[in-house]
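Down below is the structure, laid out as C-alpha coordinates.
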Amino acid sequence: MKRIKTAKQLTFTYFSIVAFAIIAFHFSMFESLIEDIEMIYAENRMLKDKDTAIRLLEGSDLTHVSVPPFSEAYVGKENLPSGIILDSNMTDNKPFELDEGSDTYFEMFAMRSKFILNGEQKDLYLIHYDEIYEISEEKMFETQSTQLLLSLLLLAVSLWVVMRISDRLTKPLARLSASLGERSPTNITPIELPEGAATREIHQLVERLNSYQDQISALIERERAFNRYASHELRTPLMVMKGAVTLLGKSDSKVFLERQRLRMNQACQEMEDYITTLLSLTRDEDLSLTPNRTVEVSELEGICQTHSGYLAGKLVSVNVIYDGHIITKLPIPTLHILVGNLLKNALSCTDEGSVNIVVSDNTISVVDTGCGLSGKPGGESYGLGLMIVRDICEKYRCEFTLSDNDGAGCTSKVVFPI
(Lines give C-alpha, C1' and ligand atoms only; values in the text may rest on other atoms or scores of the structure.)
Protein backbone atom coordinates (compact mmCIF):
# COMPACT_ATOMS: atom_id res chain seq x y z
CA MET A 1 0.00 0.00 0.00
CA LYS A 2 1.33 3.41 -0.94
CA ARG A 3 2.44 5.42 2.08
CA ILE A 4 0.44 8.60 2.58
CA LYS A 5 2.53 11.63 3.48
CA THR A 6 1.64 14.05 6.22
CA ALA A 7 0.84 17.69 5.51
CA LYS A 8 4.19 18.70 7.01
CA GLN A 9 6.07 16.34 4.68
CA LEU A 10 4.14 17.61 1.65
CA THR A 11 4.83 21.20 2.67
CA PHE A 12 8.56 20.49 3.01
CA THR A 13 8.66 18.67 -0.36
CA TYR A 14 6.76 21.31 -2.34
CA PHE A 15 8.61 24.21 -0.72
CA SER A 16 11.98 22.56 -1.45
CA ILE A 17 11.06 21.97 -5.09
CA VAL A 18 9.95 25.57 -5.56
CA ALA A 19 12.99 26.96 -3.70
CA PHE A 20 15.52 24.95 -5.71
CA ALA A 21 13.71 25.84 -8.93
CA ILE A 22 14.02 29.52 -8.01
CA ILE A 23 17.74 29.12 -7.23
CA ALA A 24 18.38 27.25 -10.50
CA PHE A 25 16.50 29.93 -12.44
CA HIS A 26 18.45 32.64 -10.62
CA PHE A 27 21.81 31.07 -11.52
CA SER A 28 20.86 30.45 -15.12
CA MET A 29 19.72 34.06 -15.45
CA PHE A 30 22.97 35.26 -13.83
CA GLU A 31 25.13 33.19 -16.19
CA SER A 32 23.12 34.39 -19.18
CA LEU A 33 23.41 37.99 -17.98
CA ILE A 34 27.22 37.73 -17.61
CA GLU A 35 27.56 36.24 -21.09
CA ASP A 36 25.32 38.93 -22.60
CA ILE A 37 27.27 41.71 -20.89
CA GLU A 38 30.53 40.15 -22.02
CA MET A 39 29.32 39.87 -25.62
CA ILE A 40 28.01 43.44 -25.68
CA TYR A 41 31.25 44.78 -24.24
CA ALA A 42 33.41 42.72 -26.62
CA GLU A 43 31.34 43.76 -29.67
CA ASN A 44 31.48 47.48 -28.88
CA ARG A 45 35.17 47.34 -28.03
CA MET A 46 36.12 45.31 -31.13
CA LEU A 47 34.11 47.54 -33.49
CA LYS A 48 36.03 50.53 -32.17
CA ASP A 49 39.37 48.67 -32.43
CA LYS A 50 38.49 47.62 -36.00
CA ASP A 51 38.34 51.23 -37.12
CA THR A 52 41.64 51.91 -35.40
CA ALA A 53 43.30 48.89 -37.08
CA ILE A 54 42.04 49.94 -40.54
CA ARG A 55 43.58 53.38 -40.07
CA LEU A 56 46.91 51.80 -39.04
CA LEU A 57 46.92 49.42 -42.02
CA GLU A 58 46.03 52.01 -44.68
CA GLY A 59 48.88 52.60 -47.21
CA SER A 60 51.04 49.80 -45.76
CA ASP A 61 51.86 46.19 -46.53
CA LEU A 62 51.53 45.10 -42.91
CA THR A 63 49.59 41.92 -42.14
CA HIS A 64 49.47 42.42 -38.39
CA VAL A 65 49.06 45.44 -36.11
CA SER A 66 48.42 45.80 -32.40
CA VAL A 67 45.50 47.91 -31.19
CA PRO A 68 46.32 48.72 -27.57
CA PRO A 69 45.41 47.79 -25.06
CA PHE A 70 43.38 44.61 -25.72
CA SER A 71 43.24 43.72 -29.46
CA GLU A 72 45.44 42.31 -32.23
CA ALA A 73 44.50 42.75 -35.93
CA TYR A 74 45.48 40.31 -38.73
CA VAL A 75 44.97 40.66 -42.46
CA GLY A 76 43.79 37.34 -43.93
CA LYS A 77 43.10 34.09 -42.17
CA GLU A 78 46.48 32.70 -43.23
CA ASN A 79 48.29 35.27 -41.06
CA LEU A 80 46.55 34.22 -37.80
CA PRO A 81 48.77 32.60 -35.14
CA SER A 82 48.92 28.85 -35.40
CA GLY A 83 47.14 28.26 -32.05
CA ILE A 84 44.05 30.24 -33.08
CA ILE A 85 41.04 28.16 -34.24
CA LEU A 86 38.00 30.21 -35.29
CA ASP A 87 34.37 29.30 -34.68
CA SER A 88 32.94 27.54 -37.73
CA ASN A 89 29.73 29.59 -37.52
CA MET A 90 31.47 32.95 -37.52
CA THR A 91 29.76 35.83 -39.34
CA ASP A 92 31.04 39.31 -40.17
CA ASN A 93 31.17 42.08 -37.56
CA LYS A 94 30.02 39.81 -34.71
CA PRO A 95 32.24 38.66 -31.83
CA PHE A 96 32.66 34.91 -31.32
CA GLU A 97 34.62 33.03 -28.71
CA LEU A 98 37.54 31.03 -30.04
CA ASP A 99 36.97 27.35 -30.60
CA GLU A 100 37.71 25.13 -27.60
CA GLY A 101 40.56 23.54 -29.54
CA SER A 102 42.51 26.82 -29.60
CA ASP A 103 45.92 26.81 -27.94
CA THR A 104 45.09 29.46 -25.34
CA TYR A 105 44.22 29.38 -21.65
CA PHE A 106 42.33 32.67 -21.69
CA GLU A 107 38.80 33.38 -22.87
CA MET A 108 39.39 35.29 -26.13
CA PHE A 109 37.08 36.69 -28.81
CA ALA A 110 37.50 36.91 -32.58
CA MET A 111 35.74 39.15 -35.12
CA ARG A 112 35.90 39.05 -38.92
CA SER A 113 35.30 42.16 -41.02
CA LYS A 114 35.60 43.11 -44.69
CA PHE A 115 37.66 46.22 -45.62
CA ILE A 116 39.51 47.72 -48.61
CA LEU A 117 43.31 47.75 -48.36
CA ASN A 118 45.33 49.28 -51.21
CA GLY A 119 42.38 48.90 -53.56
CA GLU A 120 41.71 45.26 -52.69
CA GLN A 121 39.04 43.74 -50.42
CA LYS A 122 40.59 41.95 -47.51
CA ASP A 123 39.43 40.02 -44.45
CA LEU A 124 40.40 41.63 -41.17
CA TYR A 125 40.52 39.41 -38.09
CA LEU A 126 40.54 40.95 -34.63
CA ILE A 127 41.63 38.85 -31.64
CA HIS A 128 40.49 40.43 -28.37
CA TYR A 129 41.38 39.65 -24.76
CA ASP A 130 40.49 41.91 -21.81
CA GLU A 131 42.27 40.88 -18.63
CA ILE A 132 40.51 43.54 -16.61
CA TYR A 133 37.10 42.20 -17.66
CA GLU A 134 38.11 38.67 -16.72
CA ILE A 135 39.14 39.91 -13.28
CA SER A 136 35.84 41.81 -12.98
CA GLU A 137 33.94 38.66 -13.99
CA GLU A 138 35.66 36.71 -11.21
CA LYS A 139 34.73 39.41 -8.73
CA MET A 140 31.16 39.33 -9.99
CA PHE A 141 31.13 35.57 -9.46
CA GLU A 142 32.48 36.03 -5.94
CA THR A 143 29.76 38.60 -5.27
CA GLN A 144 27.17 36.23 -6.69
CA SER A 145 28.49 33.42 -4.48
CA THR A 146 28.02 35.64 -1.46
CA GLN A 147 24.49 36.38 -2.60
CA LEU A 148 23.93 32.66 -3.04
CA LEU A 149 25.00 31.98 0.53
CA LEU A 150 22.66 34.70 1.75
CA SER A 151 19.88 33.24 -0.41
CA LEU A 152 20.47 29.78 1.04
CA LEU A 153 20.40 31.25 4.53
CA LEU A 154 17.17 33.07 3.72
CA LEU A 155 15.82 29.85 2.24
CA ALA A 156 16.64 27.96 5.45
CA VAL A 157 14.95 30.64 7.58
CA SER A 158 11.92 30.68 5.27
CA LEU A 159 11.70 26.89 5.38
CA TRP A 160 11.81 26.98 9.17
CA VAL A 161 9.03 29.58 9.24
CA VAL A 162 6.94 27.58 6.76
CA MET A 163 7.44 24.40 8.79
CA ARG A 164 6.38 26.21 11.94
CA ILE A 165 3.27 27.56 10.21
CA SER A 166 2.53 24.13 8.77
CA ASP A 167 2.97 22.56 12.21
CA ARG A 168 0.64 25.19 13.70
CA LEU A 169 -2.00 24.49 11.08
CA THR A 170 -1.75 20.70 11.00
CA LYS A 171 -1.26 19.94 14.70
CA PRO A 172 -4.95 20.60 15.55
CA LEU A 173 -5.92 18.18 12.76
CA ALA A 174 -3.53 15.58 14.15
CA ARG A 175 -4.95 16.07 17.64
CA LEU A 176 -8.50 15.83 16.29
CA SER A 177 -7.63 12.63 14.46
CA ALA A 178 -6.04 11.16 17.60
CA SER A 179 -9.05 12.18 19.67
CA LEU A 180 -11.44 10.53 17.23
CA GLY A 181 -9.29 7.40 17.19
CA GLU A 182 -9.48 7.12 20.97
CA ARG A 183 -13.27 7.45 21.12
CA SER A 184 -15.26 4.27 21.60
CA PRO A 185 -17.95 3.37 19.03
CA THR A 186 -20.66 4.03 21.63
CA ASN A 187 -19.36 7.48 22.53
CA ILE A 188 -21.64 10.00 20.83
CA THR A 189 -20.89 12.99 23.03
CA PRO A 190 -20.05 16.25 21.21
CA ILE A 191 -16.51 16.47 19.82
CA GLU A 192 -14.45 19.20 21.45
CA LEU A 193 -12.28 21.62 19.51
CA PRO A 194 -8.64 20.50 19.61
CA GLU A 195 -6.13 22.71 21.38
CA GLY A 196 -4.66 25.36 19.12
CA ALA A 197 -7.54 25.31 16.62
CA ALA A 198 -7.16 28.84 15.28
CA THR A 199 -8.53 28.49 11.75
CA ARG A 200 -12.11 28.70 10.59
CA GLU A 201 -11.80 25.44 8.66
CA ILE A 202 -11.06 23.47 11.87
CA HIS A 203 -14.09 25.02 13.57
CA GLN A 204 -16.27 24.20 10.57
CA LEU A 205 -14.95 20.63 10.45
CA VAL A 206 -15.75 20.04 14.12
CA GLU A 207 -19.20 21.60 13.66
CA ARG A 208 -19.89 19.34 10.65
CA LEU A 209 -18.69 16.27 12.56
CA ASN A 210 -20.91 17.14 15.51
CA SER A 211 -23.83 17.78 13.18
CA TYR A 212 -23.26 14.42 11.51
CA GLN A 213 -22.96 12.80 14.93
CA ASP A 214 -26.24 14.43 15.99
CA GLN A 215 -27.91 12.91 12.94
CA ILE A 216 -26.55 9.50 13.90
CA SER A 217 -27.71 10.03 17.49
CA ALA A 218 -31.17 10.99 16.25
CA LEU A 219 -31.28 7.86 14.09
CA ILE A 220 -30.24 5.67 17.03
CA GLU A 221 -32.80 7.38 19.25
CA ARG A 222 -35.51 6.80 16.65
CA GLU A 223 -34.62 3.13 16.55
CA ARG A 224 -34.70 2.93 20.33
CA ALA A 225 -37.99 4.80 20.39
CA PHE A 226 -39.40 2.37 17.84
CA ASN A 227 -38.49 -0.58 20.06
CA ARG A 228 -39.82 1.19 23.14
CA TYR A 229 -43.04 2.30 21.50
CA ALA A 230 -43.60 -1.00 19.75
CA SER A 231 -43.18 -3.07 22.91
CA HIS A 232 -45.59 -0.81 24.80
CA GLU A 233 -48.24 0.18 22.29
CA LEU A 234 -48.60 -3.20 20.56
CA ARG A 235 -49.06 -5.02 23.85
CA THR A 236 -52.66 -3.79 24.29
CA PRO A 237 -54.04 -4.91 20.87
CA LEU A 238 -52.20 -8.20 21.25
CA MET A 239 -53.85 -8.77 24.61
CA VAL A 240 -57.22 -7.90 23.06
CA MET A 241 -56.66 -10.39 20.28
CA LYS A 242 -55.48 -13.06 22.70
CA GLY A 243 -58.51 -12.52 24.91
CA ALA A 244 -60.87 -12.60 21.94
CA VAL A 245 -59.35 -15.83 20.70
CA THR A 246 -59.80 -17.36 24.15
CA LEU A 247 -63.43 -16.24 24.32
CA LEU A 248 -64.25 -17.60 20.87
CA GLY A 249 -64.22 -21.14 22.24
CA LYS A 250 -66.63 -20.42 25.08
CA SER A 251 -69.79 -19.46 23.17
CA ASP A 252 -71.56 -20.23 19.91
CA SER A 253 -73.73 -17.10 19.99
CA LYS A 254 -73.56 -15.23 16.70
CA VAL A 255 -73.87 -11.92 18.50
CA PHE A 256 -70.98 -12.84 20.82
CA LEU A 257 -68.84 -14.12 17.94
CA GLU A 258 -69.51 -10.98 15.92
CA ARG A 259 -68.53 -8.79 18.86
CA GLN A 260 -65.23 -10.70 19.25
CA ARG A 261 -64.61 -10.47 15.53
CA LEU A 262 -65.04 -6.69 15.64
CA ARG A 263 -62.67 -6.49 18.61
CA MET A 264 -60.07 -8.50 16.71
CA ASN A 265 -60.50 -6.36 13.57
CA GLN A 266 -60.05 -3.17 15.59
CA ALA A 267 -56.99 -4.61 17.34
CA CYS A 268 -55.47 -5.70 14.02
CA GLN A 269 -56.13 -2.26 12.49
CA GLU A 270 -54.61 -0.53 15.52
CA MET A 271 -51.51 -2.75 15.30
CA GLU A 272 -51.20 -2.06 11.58
CA ASP A 273 -51.50 1.72 12.15
CA TYR A 274 -48.88 1.62 14.91
CA ILE A 275 -46.43 -0.43 12.88
CA THR A 276 -46.85 1.84 9.83
CA THR A 277 -46.43 4.99 11.92
CA LEU A 278 -43.47 3.76 13.95
CA LEU A 279 -41.66 2.55 10.86
CA SER A 280 -42.24 5.90 9.17
CA LEU A 281 -40.71 7.68 12.17
CA THR A 282 -37.47 5.74 11.71
CA ARG A 283 -37.14 6.75 8.04
CA ASP A 284 -35.89 10.00 6.55
CA GLU A 285 -38.42 11.09 3.93
CA ASP A 286 -38.61 14.05 1.59
CA LEU A 287 -41.88 15.64 2.70
CA SER A 288 -41.90 17.89 -0.36
CA LEU A 289 -42.75 14.79 -2.41
CA THR A 290 -45.64 13.82 -0.11
CA PRO A 291 -49.00 15.06 -1.43
CA ASN A 292 -51.38 17.08 0.72
CA ARG A 293 -54.78 15.70 1.68
CA THR A 294 -57.88 16.98 3.46
CA VAL A 295 -58.92 15.35 6.75
CA GLU A 296 -62.50 14.09 6.59
CA VAL A 297 -64.98 14.22 9.46
CA SER A 298 -65.46 10.48 9.13
CA GLU A 299 -61.80 9.89 10.04
CA LEU A 300 -62.17 11.68 13.37
CA GLU A 301 -65.49 10.02 14.13
CA GLY A 302 -63.93 6.64 13.36
CA ILE A 303 -61.09 7.40 15.80
CA CYS A 304 -63.65 8.21 18.50
CA GLN A 305 -65.51 4.98 17.81
CA THR A 306 -62.27 2.94 17.94
CA HIS A 307 -61.32 4.30 21.35
CA SER A 308 -64.81 4.20 22.87
CA GLY A 309 -63.71 1.21 24.93
CA TYR A 310 -61.57 3.51 27.09
CA LEU A 311 -64.75 5.06 28.53
CA ALA A 312 -65.32 1.89 30.60
CA GLY A 313 -68.66 3.09 31.94
CA LYS A 314 -67.44 6.63 32.71
CA LEU A 315 -69.89 9.49 32.51
CA VAL A 316 -67.91 11.13 29.75
CA SER A 317 -69.21 12.29 26.39
CA VAL A 318 -66.95 12.42 23.34
CA ASN A 319 -67.80 14.97 20.64
CA VAL A 320 -66.28 16.14 17.36
CA ILE A 321 -66.74 19.87 16.74
CA TYR A 322 -65.91 20.62 13.11
CA ASP A 323 -65.34 24.34 12.50
CA GLY A 324 -62.73 24.40 9.74
CA HIS A 325 -60.61 22.34 7.36
CA ILE A 326 -57.31 20.59 7.87
CA ILE A 327 -54.93 20.07 4.96
CA THR A 328 -51.94 17.95 5.94
CA LYS A 329 -49.24 15.59 4.67
CA LEU A 330 -49.84 13.09 7.49
CA PRO A 331 -50.90 9.67 6.18
CA ILE A 332 -54.21 8.29 7.47
CA PRO A 333 -52.61 5.72 9.87
CA THR A 334 -50.28 8.40 11.30
CA LEU A 335 -53.14 10.85 11.85
CA HIS A 336 -55.11 8.08 13.59
CA ILE A 337 -52.22 7.41 15.96
CA LEU A 338 -51.71 11.15 16.58
CA VAL A 339 -55.33 11.96 17.41
CA GLY A 340 -55.91 8.57 19.04
CA ASN A 341 -53.10 9.06 21.56
CA LEU A 342 -54.35 12.54 22.44
CA LEU A 343 -57.84 11.14 22.88
CA LYS A 344 -56.65 8.18 25.00
CA ASN A 345 -54.72 10.51 27.33
CA ALA A 346 -57.73 12.80 27.65
CA LEU A 347 -60.05 9.87 28.42
CA SER A 348 -57.63 8.41 30.97
CA CYS A 349 -57.50 11.75 32.80
CA THR A 350 -61.26 12.43 32.71
CA ASP A 351 -63.66 10.57 35.03
CA GLU A 352 -66.72 12.65 34.16
CA GLY A 353 -67.63 15.50 31.92
CA SER A 354 -66.64 15.71 28.25
CA VAL A 355 -63.81 15.28 25.81
CA ASN A 356 -64.18 17.39 22.67
CA ILE A 357 -62.15 17.13 19.47
CA VAL A 358 -62.29 20.67 18.06
CA VAL A 359 -61.31 21.11 14.43
CA SER A 360 -60.49 24.59 13.11
CA ASP A 361 -58.44 25.69 10.12
CA ASN A 362 -55.24 23.55 10.20
CA THR A 363 -55.65 22.95 13.95
CA ILE A 364 -56.89 20.02 16.01
CA SER A 365 -57.54 20.57 19.73
CA VAL A 366 -58.53 17.89 22.23
CA VAL A 367 -60.22 19.59 25.19
CA ASP A 368 -61.15 17.62 28.32
CA THR A 369 -62.66 18.43 31.71
CA GLY A 370 -60.45 16.06 33.66
CA CYS A 371 -57.83 16.45 36.35
CA GLY A 372 -55.44 18.62 34.34
CA LEU A 373 -51.68 18.30 33.97
CA SER A 374 -50.95 18.30 37.70
CA GLY A 375 -53.27 15.36 38.29
CA LYS A 376 -50.98 12.78 36.66
CA PRO A 377 -47.35 11.85 37.42
CA GLY A 378 -44.89 13.64 35.21
CA GLY A 379 -47.22 16.45 34.20
CA GLU A 380 -46.97 17.32 30.51
CA SER A 381 -44.89 14.30 29.57
CA TYR A 382 -47.37 11.78 30.90
CA GLY A 383 -47.37 8.52 28.96
CA LEU A 384 -45.54 7.17 25.95
CA GLY A 385 -48.50 8.27 23.83
CA LEU A 386 -47.49 11.92 24.11
CA MET A 387 -43.89 11.05 23.21
CA ILE A 388 -45.15 9.46 19.98
CA VAL A 389 -47.25 12.57 19.35
CA ARG A 390 -44.19 14.80 19.74
CA ASP A 391 -42.12 12.61 17.40
CA ILE A 392 -44.87 12.72 14.76
CA CYS A 393 -45.16 16.51 15.08
CA GLU A 394 -41.40 16.94 14.83
CA LYS A 395 -41.18 14.88 11.67
CA TYR A 396 -44.12 16.55 9.93
CA ARG A 397 -43.22 20.04 11.26
CA CYS A 398 -46.38 20.43 13.31
CA GLU A 399 -46.60 22.55 16.46
CA PHE A 400 -47.75 20.66 19.56
CA THR A 401 -48.77 22.30 22.85
CA LEU A 402 -50.34 20.99 26.05
CA SER A 403 -51.78 23.39 28.62
CA ASP A 404 -54.23 23.57 31.53
CA ASN A 405 -57.66 25.07 30.98
CA ASP A 406 -58.85 28.05 33.01
CA GLY A 407 -61.55 25.93 34.61
CA ALA A 408 -60.90 22.21 34.68
CA GLY A 409 -58.98 19.83 32.51
CA CYS A 410 -56.41 20.58 29.84
CA THR A 411 -56.12 21.17 26.11
CA SER A 412 -53.74 19.49 23.73
CA LYS A 413 -53.36 21.31 20.42
CA VAL A 414 -51.69 20.36 17.16
CA VAL A 415 -51.18 23.09 14.53
CA PHE A 416 -50.42 21.75 11.04
CA PRO A 417 -48.06 23.71 8.76
CA ILE A 418 -49.67 25.63 5.94
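Estimate the FRET efficiency between Thr52 and Met29 by the formula 1/(1 + (r/R0)^6), using the beta-carbon distance for r and 35 Å for R0, to the nearest 0.05.
Working: r = 35 Å, r/R0 = 0.99.
Between Thr52 and Met29 the formula returns 0.50.
Determine the percent antiparallel among the DSSP beta bridges restricted to the chain, to the nearest 5. List each step's numbers first, then the result.
Details: 39 of 48 bridges.
Close to 80 percent.
Given labels modelled 7 Å from the Cα in the Cβ direction, how far is it in nm from Leu154 to Lys250?
10.2 nm
Using a 1.4 Å probe, how large is the accessible area of Arg283, given in Å² and rounded to the nearest 10?
Probe radius 1.4 Å; accessible area of Arg283 about 120 Å².
Where does each of Asp36, Asp284 land when they are ordered by accessible area, with a 1.4 Å probe and the largest first?
Details: Asp36 85, Asp284 135 Å².
Output order, biggest surface exposure first: Asp284, Asp36.
Please work out how much length the chain gains when fully extended from Leu219 to Tyr41, using 0.36 nm per residue of separation minus the C-alpha to C-alpha distance, in nm with one decimal. Walk me through the numbers on the way to the answer.
Numbers: separation 178, 0.36 × 178 = 64.08 nm, distance 8.21 nm.
Fully extending the segment from Leu219 to Tyr41 adds 55.9 nm.
Name the longest site-free stretch of the chain, where the excluded sites are GluC sites (Glu not before Pro) in a DSSP loop with no more than 15 other beta-carbon atoms within 10 Å.
On the way: sites that count: Glu58, Glu100, Glu107, Glu192, Glu195, Glu285, Glu296.
Answer - 297-418.
Take Lys395, Lys94 and sort them by solvent-accessible surface of the protein heavy atoms, 1.4 Å probe, largest at the top. Show your work: numbers first, answer last.
Numbers: Lys395 40, Lys94 95 Å².
The ranking, largest first, comes out as Lys94, Lys395.
How much length is gained on full extension from Ile332 to Ser403, taking 0.36 nm per residue of separation minus their Cα-Cα distance? Please report the intermediate quantities before stating the final value.
Numbers: separation 71, 0.36 × 71 = 25.56 nm, distance 2.61 nm.
Extra length available between Ile332 and Ser403 comes to 23.0 nm.
Considering only protein heavy atoms, what per residue accessible area in square angstrom results for segment 1-95 with a 1.4 angstrom probe?
On the way: 6450 Å² over 95 residues.
Per residue, segment 1-95 has an accessible area of 68 Å².
Subtract the Cα-Cα distance of Arg200 and Cys371 from 0.36 nm times their separation in residues, and report this length gain in nm to one decimal.
Full-extension gain reported as 56.2 nm.
Say R0 is 25 Å: what FRET efficiency, to the nearest 0.05, do Thr186 and Asp286 get from their beta-carbon distance? Kindly include the intermediate steps, with their values, before the conclusion.
Values: r = 30 Å, r/R0 = 1.22.
Efficiency, from the Cβ-Cβ distance: 0.25.
In sequence order, what are the phi-derived ³J(HN,Hα) couplings for segment 9-21 according to the Karplus relation 6.51 cos²θ - 1.76 cosθ + 1.60 with θ = phi - 60°, rounded to whole Hz, with x for glycine and proline?
Per residue, the Karplus-derived 3J(HN,Hα) values read 5, 5, 4, 4, 5, 5, 5, 5, 4, 5, 5, 5, 5 Hz.
Determine the calculated [θ] at 222 nm for the chain from helices alone, applying -39500 (n - 2.57) to every DSSP H run no shorter than 4 residues and normalising by the residue count; nearest 500 deg cm²/dmol. Write down the numbers at each step before the final one.
On the way: 8 runs with 219 residues, N = 418.
It comes out at -19000 deg cm²/dmol, rounded to the nearest 500.
Where the accessible area of the chain is counted over protein heavy atoms with a 1.4 Å probe, how much of it, in %, is carbon and sulfur? All intermediate terms of the calculation are to be shown ahead of the outcome.
Details: 14710 of 25530 Å².
The C+S portion of the solvent-accessible surface of the chain is 58 percent.
With no other cysteine's Cβ closer than 4.7 Å, which Cys residues of the chain count as lacking a disulfide-compatible partner?
Cys268, Cys304, Cys349, Cys371, Cys410 - these cysteines have no disulfide-compatible partner (Cβ-Cβ under 4.7 Å) in the chain.
Give a residue-ordered list of calculated ³J(HN,Hα) values for segment 85-96 (Karplus: 6.51 cos²θ - 1.76 cosθ + 1.60, θ = phi - 60°; whole Hz; x for Gly, Pro).
Working through the residues one at a time gives 10, 7, 5, 5, 9, 4, 10, 6, 6, 10, x, 9 Hz.
Put a dot 7 Å past each Cα toward the Cβ at Tyr212 and Leu62; how far apart are the dots in nm?
9.0 nm
Can you send over the solvent-accessible area of Leu33, 1.4 Å probe, protein chains only, in Å² to the nearest 10?
In the full protein context, Leu33 sits at about 90 Å².
Please arrange Asp92, Asp49 by accessible surface area, largest first, computed with a 1.4 Å probe and ligands excluded.
On the way: Asp92 60, Asp49 5 Å².
Heavy-atom accessible area, descending, gives Asp92, Asp49.
Which residues make up the longest stretch of the chain clear of chymotrypsin sites (Phe, Trp or Tyr not before Pro) that lie in a DSSP loop with no more than 11 other Cβ atoms within 10 Å, not counting the sites?
Numbers: sites that count: Tyr105, Phe106.
Free of exposed loop sites, the longest segment is 107-418.
Residues with amide H under 5 Å of Gly370's amide H, sequence separation 5 or more or different chain, H placed in the peptide plane at 1.01 Å from N; which?
Those lying under 5 Å, H to H, from Gly370 are Gly409, Cys410.
How large is Rg over Rh for the chain, taking Rg from the Cα atoms and Rh as the Kirkwood inverse mean of 1/r across Cα pairs? If you can, show how the numbers build up before the last one.
Working: Rg = 50.3 Å, Rh = 32.1 Å.
Reported Rg/Rh (Cα atoms, Kirkwood Rh): 1.57.
Would you kindly derive the ³J(HN,Hα) couplings of segment 338-347 from the backbone phi angles with the Karplus curve 6.51 cos²θ - 1.76 cosθ + 1.60 (θ = phi - 60°), listing them in order in whole Hz, with x for Gly and Pro?
Each residue's phi maps through the Karplus curve to give 4, 5, x, 5, 5, 5, 4, 5, 5, 5 Hz.
The values are calculated or read from the model by the stated rules, or taken from the named source; none is laboratory data. Given the structure is predicted, the values throughout are model-derived calculations rather than measurements. No Cβ is skipped: glycine too gets one built from the backbone with ideal geometry, and neighbour counts run over all protein chains shown. In case anyone asks, the SASA skips ligands and DNA or RNA and just uses the protein heavy atoms, side chains included. Shrake-Rupley method; radii C 1.70, N 1.55, O 1.52, S 1.80 Å.
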